[in-house]
Amino acid sequence: MASCVTTDTHSIRSHDPESVWVRPTPQFRRKLEEQASRVPYLQRTEDVLEVIRFFVQARESAYDLLLEMASSVEPKVAGTALAALGATRDERLAPFVRALEMQADGGRHLEYERARCLVKLGDWDDLPLLVSGLRDEGLLCRAQCFKALREATHLSHGFHPQGEEDEREAAVQAWEAWLADRASDGI
């Protein structure tokens, strides 16, 4: 997978002969590549979600392509691929996502997306990043980080993304205390 880096979704090709994943038929590979080529131009959230669902339903046959897309220089392409990889909940993907060299400059939002992806894949090493995301100025980032934390841990610690700042801060401190308690347990 290390040799599968691309900077342009139009040049993405999942022909890696050493792939560990099921390879798609040539016809289905074209459908996968067609969906990948749409991503930079999608404007509506519904359309992005539709593409993510398509890739999730494609399962293993889409994994090589999604890993390549996650290495794109385009933040939208990388973020969409990470969201799709995480949505598969296939724990076998975690080491591949962890090993990705991110090319896109998507700021904290893309860092959170990668952390959410890894947590959904069962890799909890980035839980502290998601907890720090609860302090993000953007409501959407806070909400997405919280959702990933809650889904993974089944805890809330009283956090509400739209809550007052002092209430949110108290909840973030509870999350941080929870992390500190778990650090000795080896999570």
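The values are calculated or read from the model by the stated rules, or taken from the named source; none is laboratory data. What you see is a predicted model, and the numbers here were worked out from it, not measured in a lab. Counting neighbours? That spans all protein chains shown, and the Cβs are built from the backbone with ideal geometry, glycine included.
Among the residues of this structure, L130 counts as one that is of a type outside the set (V, I, T) and in a helix (DSSP H, G or I).
This table checks each residue for (1) in contact with a Lys or Arg (Cβ under 9 Å, 6 or more places away or on another chain); (2) at pLDDT below 95; (3) closer than 30 Å to E167 by Cα; (4) not charged (D, E, K, R).
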| position | (1), (2), (3), (4) |
| --- | --- |
| I52 | no, no, no, yes |
| E91 | no, no, no, no |
| C117 | no, no, yes, yes |
| L129 | yes, no, yes, yes |
| R135 | yes, no, yes, no |
| A148 | yes, no, yes, yes |
| L155 | no, no, yes, yes |
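Any residue in segment 121-148 that is within 24 Å of R92 (Cβ to Cβ) and in contact (Cβ under 8 Å) with a residue 60 or more places away in the chain sitting within a Cβ distance under 8 Å of a residue that is assigned to a helix (DSSP H, G or I) and charged (D, E, K, R)? List the pairs, counting only those 6 or more apart or interchain. Hits for this filter: zero, empty list.
Tell me whether segment 55-64 contains one or more residues that are farther than 21 Å from R44 by Cα and assigned to a loop (DSSP other than H, G, I, E, B). Explain how you work it out, then say what you get.
Of the residues in segment 55-64, the ones farther than 21 Å from R44 by Cα are 58-64.
Subsequent filtering for residues that are assigned to a loop (DSSP other than H, G, I, E, B) retains 59.
Checked against the condition, which is being farther than 21 Å from R44 by Cα and assigned to a loop (DSSP other than H, G, I, E, B), segment 55-64 yields at least one hit.
Here the condition is being β-branched (V, I, T) and out of contact with any Leu (no Cβ under 8 Å at 6 or more places or on another chain); of V77, V172, it holds for V77 alone.
Let's see how each residue does on (1) assigned by TED's automatic domain parsing to the domain that holds P75; (2) touching an Asp or Glu at 6+ places or on another chain (Cβ under 7 Å); (3) surrounded by fewer than 17 Cβ atoms within 10 Å (Cβ to Cβ):
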| residue | (1), (2), (3) |
| --- | --- |
| T88 | yes, no, no |
| R92 | yes, no, yes |
| V97 | yes, no, no |
| H109 | no, no, yes |
| E137 | no, no, yes |
| A171 | no, no, no |
| A177 | no, no, yes |
| D181 | no, no, yes |
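Residues that are of a type in the set (A, V, I, L, M) and within 18 Å of A170 (Cα to Cα) were ranked within segment 139-152; the one that is surrounded by the fewest Cβ atoms within 10 Å (Cβ to Cβ) is L139. Is it the case that some residue within segment 1-14 is over 16 Å from A104 (Cα atoms), modelled with pLDDT under 95 and within 18 Å of the chain's Cα centre (by Cα)? Within segment 1-14 (the criterion being over 16 Å from A104 (Cα atoms), modelled with pLDDT under 95 and within 18 Å of the chain's Cα centre (by Cα)), the answer is yes, since at least one residue qualifies.
Entry remark, segment 134-187: residues being of a type in the set (F, W, Y), farther than 19 Å from A87 by Cα and outside any loop (DSSP other than H, G, I, E, B) number 2 in total.
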